[in-house]
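The values are calculated or read from the model by the stated rules, or taken from the named source; none is laboratory data. Worth saying up front: this structure is predicted, and the values here are computed from it rather than measured. As a convention, Cβ positions derive from the backbone with ideal geometry for all residues, glycine included, and neighbour counts pool all protein chains shown. Accessible surface areas use protein heavy atoms only, side chains included; no ligands, DNA or RNA. Shrake-Rupley method; radii C 1.70, N 1.55, O 1.52, S 1.80 Å.
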Protein chains: 2
Amino acid sequence: MESVFEIIAEPNRRAILSLLVLSQQSVGEIERQLRLPQPTVSKHLRVLREAGFVESTVDAQRRLYRLKPEPLREVAAWLAPFRRFWSAHVDALERHLDRMDQSTPTKKKTRRR
Amino acid sequence: MESVFEIIAEPNRRAILSLLVLSQQSVGEIERQLRLPQPTVSKHLRVLREAGFVESTVDAQRRLYRLKPEPLREVAAWLAPFRRFWSAHVDALERHLDRMDQSTPTKKKTRRR
DNA sequence: CCTGTATATACCTTGACGCGTATATGCTCT
DNA sequence: AGAGCATATACGCGTCAAGGTATATACAGG
């Protein structure tokens, strides 16, 4: 389990991360919200913790898990070079649609929902 | 192979995508730049094509592959909610460093590369 | 202390994915 | 038409990760 991309390839792990973006959660809370068996949650949390996506603090018997930013930032960093590319595509699409607007002005109302 | 995240979990596929962000490439060119056996490249390209990451046009015997924006945009969309979170963390880090600057003003030159 | 609750870990099985090798398809040029 | 190049596909294999079930650890409260 090397790269951050393999970590977030797992749907349940992404779900856990999305839960934690709201606030920190205990294992039991995650378990109930995602309707997953407890060992499954614990195992995914272990993977996430060892990869640096989350950290935990102890609260009596509970463990509270919260997000750590670095690994997701790594994903964003890899993604960054593509942003230029696809924003260019948006522009091209918009120009195309604008040209369509000019040639078929009757359909204008359907644009810009 | 359902989600876009599983697609980009594979290192060679990420490498191919990163190559294609520069310009469109033929299979052979990808093969040589990444030093991968040809069937490997073709198979990864198939996966990428079926997932909508790339498209190809025919140029005699060659096929030229180029990026398509949508799937990577999907990744960015999933990532977006976390941006708020980690930028808050950056701010905290910056405030911390600023405080360090004040206490040790001699090292100021090393910040703000 | 003992019971109940919360979380972690161990073991096993299964399925999927990536790779290598071999072969097929298709195009070009002479 | 035939040779050579470019790309795609088929098949068998090894590996690894996810899930399920069972069990271990640890804390709390009567």
With R₀ set to 41 angstrom, the calculated FRET efficiency between the beta-carbons of A:Ser26 and A:Glu2, to the nearest 0.05, is 0.90
Quick one: which bits of region A:1-27 get at least 40 Å² less accessible when the partner protein chains are in, versus the chain alone, with a 1.4 Å probe? A:Phe5, A:Ala9, A:Arg14, A:Val21
In order through region B:46-57: 3J(HN,Hα) via Karplus (6.51 cos²θ - 1.76 cosθ + 1.60), integer Hz, x for Gly, Pro: 4, 4, 5, 5, 5, 8, x, 6, 9, 9, 10, 10
With θ set to phi - 60° and the Karplus curve 6.51 cos²θ - 1.76 cosθ + 1.60, what are the ³J(HN,Hα) couplings of region B:60-65 in order, to the nearest whole Hz, using x for Gly and Pro? 6, 7, 7, 10, 9, 9
Long-range amide H partners of A:Ser26, meaning residues 5 or more apart or on another chain whose placed amide H is closer than 5 Å, are A:Tyr65
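Chains A and B: buried accessible surface, both sides, probe 1.4 Å, rounded to 100 Å²? Don't skip to the end; give the middle numbers.
Values: alone 8490 and 8510 Å², together 14570 Å².
Interface area, both chains combined: 2400 Å², rounded to the nearest 100.
Using a Förster distance of 30 Å, how high is the FRET efficiency between A:Val90 and B:Ser18, based on the Cβ-Cβ distance and rounded to 0.05? Mind dumping the intermediate values first?
Values: r = 21 Å, r/R0 = 0.69.
With a Förster radius of 30 Å, E is 0.90.
Take the Cα atoms of region A:15-82, build their convex hull, and give its volume per residue in Å³. Present the calculation step by step, with values, prior to reporting the outcome.
Working: hull volume 6.1 nm³, N = 68.
Convex hull volume per residue, Cα atoms: 90 Å³.
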